[in-house]
Every structure is written in C-alpha cells, then in structure tokens.
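Peer 1: Before anything else, here's the structure in question.
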Amino acid sequence: MLLDGKVVVITGAGRGIGREEALLMGKLGAKVVVNDLGAHFDGTGASTGPAQEVVDEIKKSGGEAVANGDSVSDFKGAQRIIECAIDTFGKLTGVVNNAGILRDRMIFNMSEDDWDSVIAVHLKGTFNCTRHACVYWREQHKAGNVLNGRIINTASDSGLLGNPSQSNYGAAKAAIAAFSIIIDREMAKYGVSVNCIAPVARTRLTVDATPATAALMGQQVAEGEFDVFSPHNIAPLVAWLASDDAADAHGEVFRVGGGTVWAMQGWHSVGKVQQHAVWDPQELGKKLKAELAKGGTRKETMADVFAGGL
Ligand SMILES: NC(=O)c1ccc[n+]([C@@H]2O[C@H](COP(=O)([O-])OP(=O)(O)OC[C@H]3O[C@@H](n4cnc5c(N)ncnc54)[C@H](O)[C@@H]3O)[C@@H](O)[C@H]2O)c1
C-alpha cells in the first residue's frame, strides 16, 4: 500500500479534515499518531474524546494508531507529540500540521487574546511540531538513517487571497505558506520535503464558525451524488504528499476541494515602473496609477474560487 512503513503525526485529527486524513492514511498502511486537544472551535476547552474515537476507528479497520491530547501551541507539548510517534512506533516519517481554531473579528473589535490565540495554534503550532520533527530527521540523516521526512502544512485561501474579519487567521495562514517554502529549502538536503495545502471543505470551521460559507457548504447532498464539500476529498492529496512517490514535490502550495487540486503560486511581480534615478513622489504616483490601470494586478478573491466551482 502507498504508506506501508510510514509513521505519521496528524495534528487536530479528532475532527474535520484531520480526521479524514488520519482514517485514509491508516487505511493506506501508515501508523498514525492522532493528535487532538479536543477544543471548541474558538480554542477553548479540551477533551481526549475526539482523538481516541479516531484511533478506535482506525484500529477497527485493521490499522495502527495512538491518541495524543497535547496542544500544538505548547512547545514542550509539541515535542511530546513527536516523541509519541517515535516511542510508540519506533520512528517518524511524516507530520501533517492541521490543528486549527477560529476567532473571526473585524480588526477594530479584535482583542489581543483573539489575535494571540489564533497565531499560537496555527503559526506557532506549525513551527513547534515542524521544529521538533526536523531536529529528529537531521540527527537521523547524520547517523545515516534517511527517512524521507514529509511535512504537510495547512494554509487557507483566507491567507493566500485575503478574507475580511480573519486578519489573525489569514496572517497566520499566509505565514504558514511562506514558512513551508522556507523550511523546504532548509531541509531538502536532509531528504525532507515540505508542502502546504489550502483546503475547502465542510467542517465546523466553515459551518458553525463562519455563517458566510455555512449556507453554501452546509447543504445536504442527494444520495449517490458527489459530495463536493466533504472533508474526505482533502485526504488523498495529503496521503500522496506523505508518500515516497511525492519526492519531487518541494515547497508547493496546493488549494484542494471537491475533485479539484490547484497548484498555487505566491507573490510575483505583475508589472513595474522603472527609472535609473530617484523618483519624484508625484511623478512616481502618476506612473504607478497608469501601471495599475492596465488591470494585470487584479487579485483573485474567495468569491472567484466558489464562482469557478470545485
Ligand atoms: N474547512 C475548511 O474549508 C478549511 C479551509 C481552509 C483551511 N482549513 C484548515 O484546515 C485545518 C482543519 O480544520 P477543520 O476545518 O477540519 O476544523 P475542525 O474544527 O473540524 O478541526 C480542527 C481540529 O483541531 C483541533 N485543535 C484545535 N486547537 C488545537 C491545539 N492547540 N492542539 C491540537 N489540536 C487542536 C480541534 O480540537 C479540532 O478537532 C485547520 O488548520 C483549518 O484552519 C480548513
């Protein structure tokens, strides 16, 4: 099977997209550390229930899995998550940084705690698990044990395209995409690849926490019809990225939803004004307005994504 011999940590795997990733990767032969704090969608509270339920489900279908309830935002907790894989299954070959929360507010209503909590789970949590895994893979590589380490991070259209009321979340997600590209460049020489996904799926984050997408994604699908917004549709891409077959995928960012996978690219120049001298501000403004009016700088929005269909 695609993931025979693999040992993967999936954070936030008790529910939603992470749960589907854990179930599929367990089915494809990977041994899975199912991490989940069991928190409310705003990050408050904790329960070991969701992670253990996913472990039970993987075991019921013949796979191997273990639950872990540490928070990814805690540096030492993240170390325990990584050690849980090595202690239980003897090694680590992949990390899926998926855990997430939402605290949507317009900037003028956003509290310091709303900002800090979202950055802590998404951005710091991704750093924490990545950092501990990379220390391990570098040590193993130096000892001659090449494990083909794989990190799959989770960004969002909110960060790649920009979504009002999600400045905390979007800033963290854009940073996660950049972080993925940077760590891939640092770790490639140790046989590690880092890629990133921006999923689109029906979970409590898009139904309970976000009224704007609830109406679109929450609709029931008739029996036998392809369920475009099922979180199940995200897992195949992540399973492939965790496999040896994805050795050539480096620092990529993929949007994924329904049966569609988009290869995304970040900041790149789409026009320029230039002179070999210091600009006069007004003259520069005149030239820039003319350049922007050419229209090549129009930004894709989240509305465009849904209008294009999955
Ligand atoms: N659903 C979408 O359309 C969508 C779109 C873009 C990005 N994402 C991202 O996908 C990921 C999964 O989200 P989901 O939609 O499945 O939501 P979800 O709420 O169903 O799952 C997130 C899980 O993360 C866990 N979690 C929260 N804080 C944690 C912490 N500190 N440590 C460990 N676990 C923690 C929660 O308990 C929950 O089970 C998130 O990173 C989210 O931002 C989702």
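The values are calculated or read from the model by the stated rules, or taken from the named source; none is laboratory data. Keep in mind it's a predicted model, so treat the numbers as computed, not measured. Because the Cβ atoms are built from the backbone with ideal geometry, glycine has one as well, and the counts that use them run over all protein chains shown.
Peer 1: Within the set of pairs 6 or more residues apart or between chains, which connect a residue that is assigned by TED's automatic domain parsing to the domain that holds Gly125 and free of Cβ contacts under 8 Å to residues at least 60 places away in the same chain inside the range 168-187 to a residue that is of a type outside the set (Asp, Glu) and not in a helix (DSSP H, G or I) with Cβ atoms less than 6 Å apart?
Peer 2: Short answer, once both residue conditions are applied: Gly170/Asn163; Lys173/Ala155; Lys173/Ser156; Ile183/Val194.
Peer 1: When you scan the range 67-148 for helices (runs of 4 or more DSSP H) that lie fully inside it, which ones turn up with 1 or more residues that are within 13 Å of the ligand (Cβ to nearest atom) and among the acidic types (Asp, Glu)?
Peer 2: Passing ranges, in order: 112-119.
Peer 1: Turning to a different aspect of this structure: Working carefully through the options Ile197, Ile176, Ile234, find the one that is among the β-branched types (Val, Ile, Thr) and more than 17 Å from Gly258 (Cα to Cα).
Peer 2: The unique qualifying residue is Ile176.
Peer 1: Another question about this same structure. Can you tell me which residue is nearest to Arg105 (Cα to Cα) among those in the range 154-181 that are outside any helix (DSSP H, G or I) and within 9 Å of the ligand (Cβ to nearest atom)? Walk me through it before giving the result.
Peer 2: In the first step, residues of the range 154-181 are kept if they are outside any helix (DSSP H, G or I); the result is 154-156, 163-166.
Among the residues that remain, those that are also within 9 Å of the ligand (Cβ to nearest atom) are: 154-156.
Numbers: Thr154: 21, Ala155: 19, Ser156: 17 Å.
Ranking the candidates gives Ser156 first.
Peer 1: Taking the condition at pLDDT below 90 and under 25 Å from Gln166 (Cβ atoms), does Gly308 pass?
Peer 2: yes
Peer 1: For the range 274-281, check the following and say yes or no: at least one residue is assigned to a loop (DSSP other than H, G, I, E, B) and among the aromatic types (Phe, Trp, Tyr).
Peer 2: First pass over the range 274-281, keeping only residues assigned to a loop (DSSP other than H, G, I, E, B): 274-280.
Keeping just the survivors that are among the aromatic types (Phe, Trp, Tyr) gives 279.
Checked the range 274-281: at least one residue is assigned to a loop (DSSP other than H, G, I, E, B) and among the aromatic types (Phe, Trp, Tyr).
Peer 1: Also: Might you check whether a residue that is touching a Phe, Trp or Tyr at 6+ places or on another chain (Cβ under 8 Å), among the charged types (D, E, K, R), crowded, with 20+ Cβ neighbours inside 10 Å and assigned by TED's automatic domain parsing to the domain that holds Leu92 occurs anywhere in the range 146-154?
Peer 2: Scanning the range 146-154 turns up no residue that is touching a Phe, Trp or Tyr at 6+ places or on another chain (Cβ under 8 Å), among the charged types (D, E, K, R), crowded, with 20+ Cβ neighbours inside 10 Å and assigned by TED's automatic domain parsing to the domain that holds Leu92.
Peer 1: For Asp248, work out the one condition from (1) exposed (fewer than 14 other Cβ atoms within 10 Å of the Cβ); (2) over 24 Å from Arg131 (Cα atoms); (3) not assigned by TED's automatic domain parsing to the domain that holds Leu310 it doesn't fulfil.
Peer 2: Every condition holds for Asp248 apart from (2).
Peer 1: Ok, one more. Output the number of the condition that Thr260 fails; it satisfies all remaining conditions of (1) in the same structural domain as Gln166 (by TED's automatic domain parsing); (2) farther than 28 Å from Ala177 by Cα.
Peer 2: (2)
Peer 1: Of a type in the set (Gly, Ala, Ser) and surrounded by fewer than 17 Cβ atoms within 10 Å (Cβ to Cβ): which single residue out of Ala198, Ala214 fits that description?
Peer 2: Details: Ala198 fails: surrounded by fewer than 17 Cβ atoms within 10 Å (Cβ to Cβ).
Ala214 is the lone residue from the list that is of a type in the set (Gly, Ala, Ser) and surrounded by fewer than 17 Cβ atoms within 10 Å (Cβ to Cβ).
Peer 1: Of the numbered conditions (1) within 8 Å of the ligand (Cβ to nearest atom); (2) of a type outside the set (Val, Ile, Thr); (3) not in a loop (DSSP other than H, G, I, E, B), Phe41 fails exactly one; give the number of that condition.
Peer 2: The number of the failed condition is (3).
Peer 1: State all residues of the range 37-57 that are farther than 19 Å from Ala209 by Cα and in contact with a Lys or Arg (Cβ under 8 Å, 6 or more places away or on another chain); if no residue qualifies, say none.
Peer 2: Val54
Peer 1: Here's another thing I want to ask about it. Considering Asp104, Asp114, which residue is of a type outside the set (Gly, Ala, Ser) and without any contact (Cβ under 8 Å) to a residue 60 or more places away in the chain?
Peer 2: Details: Asp104 fails: without any contact (Cβ under 8 Å) to a residue 60 or more places away in the chain.
Of Asp104, Asp114, the one residue that is of a type outside the set (Gly, Ala, Ser) and without any contact (Cβ under 8 Å) to a residue 60 or more places away in the chain is Asp114.
Peer 1: What are the pairs with Cβ atoms under 9 angstrom where one residue, in the range 42-66, is assigned by TED's automatic domain parsing to the domain that holds Asn98 and the other, located anywhere, is part of a loop (DSSP other than H, G, I, E, B) and among the basic types (Lys, Arg)? Sequence gap at least six, or different chains.
Peer 2: Correct list of pairs: Asp42/Arg103; Gly43/Arg103; Pro50/Arg15; Val54/Arg15.
Peer 1: While we're looking at this one, here's another question. Restricting attention to the range 44-56, and to residues there that are more than 21 Å from Lys6 (Cα to Cα) and more than 9 Å from the ligand (Cβ to nearest atom), which single residue is surrounded by the most Cβ atoms within 10 Å (Cβ to Cβ)?
Peer 2: To start, the set of residues in the range 44-56 that are more than 21 Å from Lys6 (Cα to Cα) comprises 44-50, 53.
Within this subset, residues satisfying the condition of being more than 9 Å from the ligand (Cβ to nearest atom) are 44, 48-49, 53.
Details: Thr44: 10, Thr48: 14, Gly49: 13, Glu53: 17.
By that ranking, first place goes to Glu53.
For every residue, the table says whether it meets (1) modelled with pLDDT under 95; (2) surrounded by 15 or more Cβ atoms within 10 Å (Cβ to Cβ); (3) of a type in the set (A, V, I, L, M, F, W, C).
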| position | (1), (2), (3) |
| --- | --- |
| Ile234 | no, yes, yes |
| Phe254 | no, yes, yes |
| Asp280 | no, no, no |
| Thr301 | yes, no, no |
